[in-house]
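For reference, the structure is listed below as structure tokens.
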Amino acid sequence: MATSSTICTYKLDLWSHKIINRTSSSIPFNNKTHHFSLQFLISNRASRISLSNCNFSISNSLVDNFSVDGEAHKSSFQFEVKTSIWNWRGYSIRYQYCGSSGPALVLVHGFGANSDHWRKNIAVLAEGHRVYSIDLIGYGYSDKPNPRELGLNSLYTFETWASQLNDFCTDVVKDQAFIICNSIGGLVGLQAAVMKPEICRGIILLNISLRMLHIKKQPWYGRPLIKSFQSLLRNTALGKFFFRAVATPESVRNILCQCYYDTSQVTDELVDAILRPGLEPGAAEVFLEFICYSGGPLPEELLPQVKCPVLVAWGDKDPWEPLELGRAYAEFESVEDFIVLPNVGHCPQDEAPHLVNPLVMSFVARHATRSDSLSSAAS
């Protein structure tokens, strides 16, 4: 899950998967180590459900007639989605917003994407909600500063993005918010909730990244090789060459067709939304910075620290983040449910908005009512 995207293809998180997996195919990694300790958590939790058994429904017409065109666009609900710029620490941050009443929702995209990846959700969710979708710094049409020019070892980290998200809620939303996240955006949402728990009312994680290339999930003998490969990409012309190879409409379409189960959803509009901001100055540097980012938090490290309710939903045809590994997150105390989205890939909010939108509405309605009741009782 506002703008077009900032790196050439949606799931660069996955790209980094594919980059290293393909380039280092000679490395004798034991894939079983990638399943790490999450497997011991997998059990038959009775509360897990498949969305195919739920009574959620929404008219396809709500999204079929929705298109992105210029600064503002409308759904069949006739809610206007507007675009604005927020100044954060001296950087221009693009965001989109819609709706004037109800609980606040902040939609957070994944690696390589931007707020336009929520174009099928924003106006629909604005029925009864104040909806915001933000371009994280480095992505979409937000600024893309080069960390090296700033004298920083790293700028594009989950702590940075989480701080941006919390400040956005304080400065722009001016309220607590429910955070709806896709892929790498899920780490951003969790980190934000850990850093400032008073801001986040609840989190929905859509196919959160398992971060399988995290340094902790690699065998000890493979770690130096991964570091060397990352340094090669980051510090030589090889990285720029690779970026140019993937920053094409054909490459973007091919990668999207890998992660969307229903490839008919991979339209020219989507390809353009992902690719166009990835061609802006600085996008290549952001891409290379992130694929070399193999540290930072893991979902299983953040979830035990989260105090707000969490719902995890997973497209069961995700080729990058295996469903069976994702199921392990259902065992954390903060996770109230793990919902399987049938015949859906890695980006449920865009591929199957008719499933995701009512799921978000139900979760928010349940917890907004509960929070409001608690606040009234306390006062």
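Couple of notes before you dig in:
- For region 146-228: rounded, prolate or oblate by the Cα gyration tensor [a/c cutoff 1.5]: oblate
- Spatial separation of Cα centroids for region 202-244 and region 159-190, in angstrom: 23
- Full extension of the chain between residue 248 and residue 264 gives 3.8 nm of extra length, using 0.36 nm per residue less the Cα-Cα distance.
- Accessible area of residue 196 (1.4 Å probe, protein heavy atoms only, ligands and nucleic acids ignored): about 80 Å².
- Exceeding the 20 Å Cα-Cα cut-off - candidates 82/174; 174/196; 217/240; 216/240; 120/174: 217/240; 216/240; 120/174
- Here the extension length gained between residue 279 and residue 215 equals 20.1 nm, from 0.36 nm per residue of separation less the Cα-Cα distance.
- Region 133-197: relative contact order in percent, alpha carbon pairs under 8 Å with at least 6 residues between: 29
- Förster radius 25 Å - calculated FRET efficiency between residue 232 and residue 170, Cβ distance, rounded to 0.05: 0.05
- Peptides 114-127, 79-92, 328-341, ordered by how many other C-beta atoms sit within 10 Å of their residues on average, highest first, read 114-127, 328-341, 79-92.
- Given their separation in residues at 0.36 nm each and the Cα-Cα distance between them, residue 257 and residue 369 gain 36.4 nm when the chain is fully extended.
- Computed E for residue 223/residue 343 - FRET, C-beta separation, R0 51 angstrom, nearest 0.05: 0.85
- Sites matching GluC sites (Glu not before Pro) across region 146-201 that sit in DSSP coil, with at most 12 neighbouring C-beta atoms within 10 Å: 149, 198
- Taking a ≥ b ≥ c as the square roots of the eigenvalues of the alpha carbon gyration tensor, region 197-251 is oblate, as a/c is not under 1.5 and a/b does not beat b/c.
- Using the Cβ-Cβ distance between residue 153 and residue 195 with R0 set to 22 Å, the FRET efficiency from 1/(1 + (r/R0)^6) comes to roughly 0.65.
The values are calculated or read from the model by the stated rules, or taken from the named source; none is laboratory data. Bear in mind that the values here come from a model prediction, so they are computed numbers and not experimental data. Neighbour counts run over all protein chains shown; Cβ positions are idealised from the backbone, glycine included. When the accessible area is computed, the model is the full protein with side chains, heavy atoms only, and any ligands, DNA or RNA have been set aside. Shrake-Rupley method; radii C 1.70, N 1.55, O 1.52, S 1.80 Å.
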